[in-house]
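Report on one structure; see the data block that follows.
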Amino acid sequence: MNISHMDDWIALGISVAALVAGFFSYFFGFKKKKKVNQSEIISPKIDFPDHFWEVHTKIQETITELRVKVNCARSHLVQFHNGGHFIDGISMKRMSLTHESLERSVSGEMKNHQDLLMSIYMEILNHVKKDLPEAIMVNEMEECYAKQDLESGNVIAFSVLPIKQNSLIIGYIMTEWCSWNKVEDIEEDIVTDWMSRSQSLIEVELTNQKRKNRHK
């Protein structure tokens with residue numbers, strides 16, 4: 001092979017190497033750039049304030065401890081919110097279950113209790129307004145949607161207390177008993193004590209969250 005042919009092969013090899021290097025540089029550079037762009041789009045959606053994790057972890061721990069101490073099947077926190085307007089311009093009052101603790105093998109209710117109209121749960125809300133942590137028997141309630149909803153979740157008895165901010169009711173905590181054995185063993189003093197404790201703790205956490213958000 002003469003020198004001119006060898007030079008041609010060397011030049012061809014250098015060209016191919018440069019092409020391959022350019023391809024990989026473009027491919028990985030584009031991929032990296034694409035990841036950065038996706039991060040820029042997604043991160044604002046998951047960029048929660050630092051106190052978010054602390055507040056909601058404490059609320060979850062509180063309702064779990066409540067469930068264990070009163071020996072019930074479910075405990076949860078429901079919060080009120082707006083959502084849409086009626087044709088006359090009046091804001092719709094809605095509520096959603098935001099935190100839930102379950103005894104083992106008990107089905108959850110969270111997915112079925114989101115963005116609900118408060119007007120269909122007036123029987124429960126009337127008990128919330130009383131601010132009395134008493135055990136209420138479902139079979140003694142008047143026939144209504146709320147009673148049917150509780151029965152569909154196998155609830156035999158429940159207790160509720162309001163959650164307030166500056167005297168305004170913003171939601172409620174609720175415990176539910178789903179077996180007759182546990183209903184018969186309900187100790188009113190323990191229910192009153194732990195419902196009241198949980199009410200106070202959750203009110204403090206939600207108030208702190210609001211205050212921290214205001215000063216963010």
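Results, tabulated for the structure shown:
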item	result
Total residues in the range 92-131, condition assigned to a loop (DSSP other than H, G, I, E, B), surrounded by 14 or more Cβ atoms within 10 Å (Cβ to Cβ) and not small (Gly, Ala, Ser)	5
Identity of the residue in the range 153-169, among the aliphatic types (A, V, I, L, M) and surrounded by fewer than 18 Cβ atoms within 10 Å (Cβ to Cβ), that ends up modelled with the lowest pLDDT	Leu168
Residues (among the aliphatic types (A, V, I, L, M) and surrounded by fewer than 20 Cβ atoms within 10 Å (Cβ to Cβ)) located in the range 139-152	Met141, Ala146
Number of the condition not met by Lys182 [criteria: (1) farther than 17 Å from His76 by Cα; (2) surrounded by 12 or more Cβ atoms within 10 Å (Cβ to Cβ); (3) touching a helix residue (DSSP H, G or I) at 6+ places or on another chain (Cβ under 7 Å)]	(3)
Test result for Glu188, under 26 Å from Ser105 (Cβ atoms) and out of contact with any Gly (no Cβ under 9 Å at 6 or more places or on another chain)	no
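Per-residue answers, yes or no, for (1) closer than 28 Å to Arg197 by Cβ; (2) in contact with a strand residue (DSSP E or B) (Cβ under 8 Å, 6 or more places away or on another chain):
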{"position": "Ser91", "(1), (2)": "no, yes"}
{"position": "Asp115", "(1), (2)": "no, yes"}
{"position": "Ile120", "(1), (2)": "no, no"}
{"position": "Val138", "(1), (2)": "yes, yes"}
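For (1) among the small types (Gly, Ala, Ser); (2) within 27 Å of Val204 (Cβ to Cβ); (3) assigned by TED's automatic domain parsing to the domain that holds Ser105; (4) within 19 Å of the chain's Cα centre (by Cα), each residue gets a yes or a no:
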residue: Asp149; (1), (2), (3), (4): no, no, yes, no
residue: Ala157; (1), (2), (3), (4): yes, no, yes, no
residue: Pro162; (1), (2), (3), (4): no, yes, yes, yes
residue: Ile170; (1), (2), (3), (4): no, yes, yes, yes
residue: Met174; (1), (2), (3), (4): no, yes, yes, yes
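The values are calculated or read from the model by the stated rules, or taken from the named source; none is laboratory data. Quick caveat: nothing in here was measured; it's all calculated off a predicted structure. Here the Cβ is made from the backbone with ideal geometry for all residues, glycine too, and neighbour counts use every protein chain on show.
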